[in-house]
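Values in this text are rule-based calculations from the coordinates and carry no lab data. As the structure is a prediction and not an experimental result, all values here were calculated from the model. Here the Cβ is made from the backbone with ideal geometry for all residues, glycine too, and neighbour counts use every protein chain on show.
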Amino acid sequence: RGAAAVAALCTLASLQLAPPAYAAPGAPGHPRYSAGAPGLGDPYFPDQGNGGYDVRHYDIAFRYDPATRRMDATSTITAVATQDLDRFDLDFRGPDISSLKVGEHPASFTRTGQELVVTPRPKLKTGDTFTVQVAYAGTPPVITDPDGSIEGWVPTDDGAFVPGEPQGAPSWFPANDHPTDKATFTFHATVPEGITAVGNGRLVSQKTSGGWTTFLWDSSEPMATYLATVTLGNFTVDRSTTPSGIPVYTAVDPRLVTQSAAAVAKIPDIVEYFSTIFGPYPFGSTGAIIDRAPDVGYALESQTKPIFSSAPGVGTMAHELAHQWYGDSVSLTKWSDIWLNEGFATYASWLWTEHSGGTTAQATFNSGSNYGRAATSSFWQTVTTDPGPVDMFGNVPYNRGAMTLHALRGKIGDAAFFRLVKEWATDHRYGNTDTAAFITHAERVSGMNLTSFFNTWLHQKGKPTTW
Ligand code: ARG
Ligand code: ZN
């Protein structure tokens, strides 16, 4: 049949069939192009992430000079179209773009806020695998969060400290910046000789020439964009392995080596202990990056290597390592479920403390920063499953979240509880899930109806009294 006949059929079909209200792909050979959504509608960060495609891999190559704070970068995204696209967005707050190509073809683009709007020509069809190569140069911005804390590309006195939760990644690379679109990553970081650039995953190579060193890091398990880091500076590097053979890479600011020695020394034991209660460590390597970034003031569970902005205690180390299972491997579907990350990591650190001969989890539960808080305290007035963007890293998701797990353990018993947390890590490994799925899972494992338990602990205000 000739092209004209096909075109006539298309016209006929579109006359007879009412077009669907949603952006459905056209039938094969009959693409129906539209723009990918500019955001995924997350309740806390509605513009984060984009519709119309699924990122498979980020290849991020840059040269950065701490003296001038200038970055020269080329980032290449490999993605698959999930609808017929004549336009799509990326999230990007980084410096000026000098060129942008989709596949081999230069593409026009515009920028407003965090949205980088790309017009690919030729257009993309559902199922097409395509690359977006973006070249940019300048100083990546520091991002301020709803709670007033900073993230993104944060310059330090000897390099940069790079946390990305919940919205820092687009500071230094164009991204589909929502935890639901995980991808693998490669980083090629070129820095002045003597500086160490530490990324997620495995160090593939390190080469120096002409006064610059290029570090090639490969993160081959799926990773949410907010967990990506290439933190750089003067670091004392140490490499070892855990008793069960997982490579450990630690990079510590020389000024913090003594203060952080106790926490660093415990990394293998913590990973081993959590592997026994949560199931196998989900990634090919572990470690930590301990830097001096006083303006940041928090730690983050960057995948395979949590980053610390000051010397951590052992409890904080345990918290960030626990996130490798809960948060990094098992990820959120929406930010309002942040207790699934922070409550689990906090409870895991209580368990580690008890395991290592310290305060029991029960005593920590009872303490004044937890259940011991007065019923009149404002602490009890925040709903655990909806703390809001300002308090998503406040006490409630952490402490009420951890209390919820301890109370659940008391309610369903140790056997069911530990089976549940292990299965939760295994069933959702490298995936995304939510509170409703957790409740269903807890009811299945325990054989109990837990509706009122979870209403009391997660969905309602007020200090729980009976459960
Ligand atoms: N998830 C981190 C932790 O608890 C905290 C990140 C805080 N981020 C922020 N922008 N305040 O380990
Ligand atoms: Zn945490």
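The table for this structure:
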| quantity | calculated |
| --- | --- |
| At R0 = 45 Å, FRET efficiency that the Cβ-Cβ distance of Gln460 and Thr110 yields, to 0.05 | 0.50 |
| Restraint check, Lys125/Lys305; Lys101/Lys207; Lys182/Lys411; Lys411/Lys461; Lys207/Lys334, Cα-Cα greater than 31 Å | Lys125/Lys305; Lys182/Lys411; Lys207/Lys334 |
| For the chain: relative contact order, % (alpha-carbon pairs under 8 angstrom, 6 or more apart) | 11 |
| Restricting region 79-159 to GluC sites (Glu not before Pro) in coil, as DSSP defines it, with at most 15 other Cβ within 10 Å | Glu104 |
| Ranking of Ser349, Ser34 by count of other Cβ atoms within 10 Å, fewest first | Ser34, Ser349 |
| Region 31-156 - share of DSSP beta bridges that are antiparallel (%, nearest 5) | 95 |
| Net charge of neighbours whose Cβ lies under 13 Å from the Cβ of Tyr347, counting Lys and Arg as +1 and Asp and Glu as -1 | 0 |
| Environment charge of Thr76, counting only residues whose C-beta is closer than 13 Å and scoring Lys/Arg +1, Asp/Glu -1 | 0 |
| Tensor-based shape of region 54-191 (alpha-carbon gyration tensor, a/c under 1.5 rounded, otherwise prolate or oblate) | prolate |
| Assigned charges on the beta-carbon of Lys, Arg, Asp, Glu; the chain dipole about Cα centre (debye) | 640 |
| Protection proxy ranking of 455-461, 163-169 - average other beta-carbon atoms within 10 Å, highest first | 163-169, 455-461 |
| Percent antiparallel among DSSP beta bridges (both partners in region 215-327, rounded to 5) | 55 |
| Virtual spin-label span in nm between Thr382 and Lys101, 7 Å along Cα→Cβ | 4.7 |
| Net +/- balance of residues flanking Thr382 in space, Cβ distance below 10 Å, scoring K and R +1, D and E -1 | 0 |
| Computed [θ] at 222 nm, deg cm²/dmol, the chain (DSSP H ≥ 4; -39,500 (n - 2.57); rounded to nearest 500) | -7000 deg cm²/dmol |
| Selection of trypsin sites (Lys or Arg not before Pro), region 61-151, meeting DSSP coil and at most 16 other Cβ within 10 Å | Arg69, Lys123 |
| Zone of His57's modelled label, taken as backbone nitrogen in region 176-218 under 20 Å from a point 7 Å along Cα→Cβ | 176-177, 181-190, 199-206, 215-218 |
